[in-house]
Each structure stands twice: as structure tokens, then as C-alpha cells.
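Data block below; observations after.
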Amino acid sequence: MSDRCNWMFRSVSRSAISTSRCVFLSGLFTRVLISSAVSSQKTVQPFSSSSTSSSSPFLASIIGSSLSSRLLCSLGGPPSDEEDSTGMSRIANGDPAVVRARGQHKGTIIFLHGLGDQGTGWADAFSTEARHDNIKAICPHSAERSVTLNMGMRMPAWYDLFGLDATAREDADGIQAAAQYVHHLIDEEINAGIPADHIAVGGFSMGGALAIYAGLTYPKKLGAIVGLSSFFLQRQKFPGSYTANNATPIFLGHGSQDFLVPLQIGQMSEGLIKQFNPNVEMHVYRGMQHSSCSEEMRDLKTFLSNHIAK
């Protein structure tokens, strides 16, 4: 990775890290924007038919790395295919991190982290710079699974990845199972008394792609959908019979210098979604890489305040 970015290694405080894990922290993927050491960056083109998956497979392990910038990779050999009998435990790892509303609870955002991460870092963001007194934030943790594109290594992921180009197959079953888990979280909030139109689903990169898919396929109208540094999954299915959220406000945020999920991918996703839902806002953050920044968090807070906290 030395030809891609300037890695910085830091110590990690975590209660139970297996000896079969290695944890890398890279300054490239922190929320605070820092300059890349890369002088020329090769662009990955997931939506271009001319691109191939010959890019380094290890790129898949950092697509979606979010606020805490953790990359968990298995070094202990091939993962076991053994799964337990409950579908949810194959998708999620324990209870979500929750940031409760300090004032009257008017709305909820369910926010999904990126590949190799967990929800704790984003819960921190929603408890600080993106905090709204009337909005509850639910940040679930994905279970670990083997990722085909990352040489089968096992790490937190919402679904499998097979390739980085437009012709690569998508994990339709895995995406659908993960979307059902998100729908379950939405249903729980509705059962607790929050109307569907005061609930938002969002996420970063892989998690943002899942949030867009889960939001657009939910059978009731939601308050908002959010995708940060993300892309449009299963696009051949839309609009199809999914109509409940074809006018739901959508916030897309992307960095101008994102070389993992390039800006043009975000813009293509915007155009494809706008074919059936015109209520899409695209926010481009100058100089930002595959990360987030304070300006984006402020814009997101305003967006959520306008759509789910009134």
C-alpha cells in the first residue's frame, strides 16, 4: 500500500483483540481531513464497463473504512463456514451503539458503518458534532464474514464483495438479508412510537450503499435517506415495485479527492436515483478523501433537523 497512501500506525485500546487479528489505523481515513502523500492516484471505476477488478484486491479491505479507520483482517487461515441458526446474528454483532435524544425524541437515524469498522465511531460523531437534541442515533455493528474480493479474509462487513467494476456480480442475497435487518431496526423504532416519516437510514461507503438500498425498498415512507461516500446497489431493481420512498429526501455527501469510491461514482449514483426520485441533494466537499469532515457533519445535522426532527 505504500504506493497508495502514507500509512500511520497507532496503538489501539480494545479489550479483547484476538492474536489472529491485525489492526491498522491510517490517517487517510480519519474524519479530519489530512493531506495524502500520493502524488498521482489511480481511479477505481466501479460503474465503468471498461474498468476491471485487476486493481489490488486489498483495496476491498479499505473501501468503506469509516470514522475510526479500523481495518480488521484475519491472519489465521480460511474462515469457518459455520453459522448459527439466527439470521440476525449473521448480519449484526450484538446490540447497536445508541445515542439517545437529550430533549424530546422526535426522530431517529439508523447509521451503518463501512467495511472493517463498527458503529462506535459513528455513534461518537452523533454524540458530538452531528448531535441534535431531538434525534436518537442508532449505530449497529456488522458481524464478521469472509470478503471474496479481499482474498476471503474475515472482517466486519454487511455483505460480500466480488469485484470493483460494473460487470462484477453483487451479493444479492447478502444485500437483501442486511436490508431486512435494517428494516427490522426501523420497525422497532415505529413500534416504540416514532412515525416512519421521522426515521432516517444512512451510512458510510458500503454502509451508505446498504442504507440507500434498504431505504428505497422499505414499504413505508421514511423521513430521509443518507449516503456518505457511497454508491447505488442493485440498481437494476429500481424503481420496479418500490414506490413508497420515491420522493423521500436523500442526502449524498462525497469528497472531491476520494480515490477509493471516486466522486464520479457518487455523481453517477445521484443521476441514477434521480431518474425515479428527484429529491436528491449532492454535497461535494473540496479536498476530502474517503472520509468525512466537520462541514459534512454540520450539513448532515441540518438536513436531519429539517426532515425528521420537526
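Within 14 Å, Cβ to Cβ, of GLN236, how many net charges do the neighbouring residues add up to if Lys/Arg are +1 and Asp/Glu are -1?
That sum, taken over residues with Cβ under 14 Å, equals +2.
Which whole number in µm²/s is D for the stretch 92-309 by Stokes-Einstein, with the Kirkwood Rh taken over Cα pairs at 20 °C and 1.002 mPa s?
After rounding, the answer is 126 µm²/s.
So if we plug the beta-carbon distance of ARG131 and THR243 into 1/(1 + (r/R0)^6) with R0 = 45 Å, what FRET efficiency do we get, rounded to 0.05?
0.85
Between LEU272 and ASP95, what length in nm is gained on full extension when 0.36 nm per residue of separation is reduced by their alpha carbon distance?
Values: separation 177, 0.36 × 177 = 63.72 nm, distance 3.38 nm.
Full extension from LEU272 to ASP95 adds 60.3 nm.
Roughly speaking, what is the centre-to-centre gap between the stretch 223-285 and the stretch 139-215 when only Cα atoms are used, to the nearest Å?
Using only Cα atoms to place each centre, the spacing works out to 15 Å.
Could you work out how far apart the two model spin labels at HIS283 and THR302 are, taking each label as a point 7 Å from the Cα in the direction of the beta carbon, and quote it in nm?
Each label point lies 7 Å from its Cα, and together they span 0.8 nm.
Can you list residues whose amide H is under 5 Å from MET288's amide H, if they're 5+ apart or on another chain and H is modeled 1.01 Å from N?
SER256, GLN257
Once amide H atoms are built 1.01 Å from N in the peptide plane, which residues 5 or more positions from PHE238, or in another chain, come under 5 Å H to H?
none
Whenever you get a sec, compute what percent of the accessible area on the stretch 92-309 sits on carbon and sulfur atoms (1.4 Å probe).
Carbon-and-sulfur percentage of accessible area, whole number: 46.
Whole number in Å², please: accessible area per residue of the stretch 92-309, 1.4 Å probe, ligands, DNA and RNA not counted.
Normalised by residue count, the accessible surface of the stretch 92-309 is 34 Å².
Can you count the Lys pairs in the stretch 92-309 whose Cα atoms are under 18 Å apart, with each pair 8 or more apart or on different chains? Write out the running numbers ahead of the final one.
On the way: LYS106/LYS136; LYS106/LYS220; LYS106/LYS221; LYS106/LYS301; LYS136/LYS301; LYS220/LYS237; LYS221/LYS274; LYS237/LYS274.
Close lysine pairs under the 18 Å cut-off: 8.
The values are calculated or read from the model by the stated rules, or taken from the named source; none is laboratory data. Quick caveat, the model's predicted, so the values are computed rather than measured. Counting neighbours? That spans all protein chains shown, and the Cβs are built from the backbone with ideal geometry, glycine included. Note: areas computed on protein heavy atoms with side chains; ligands, DNA, RNA excluded. Shrake-Rupley method; radii C 1.70, N 1.55, O 1.52, S 1.80 Å.
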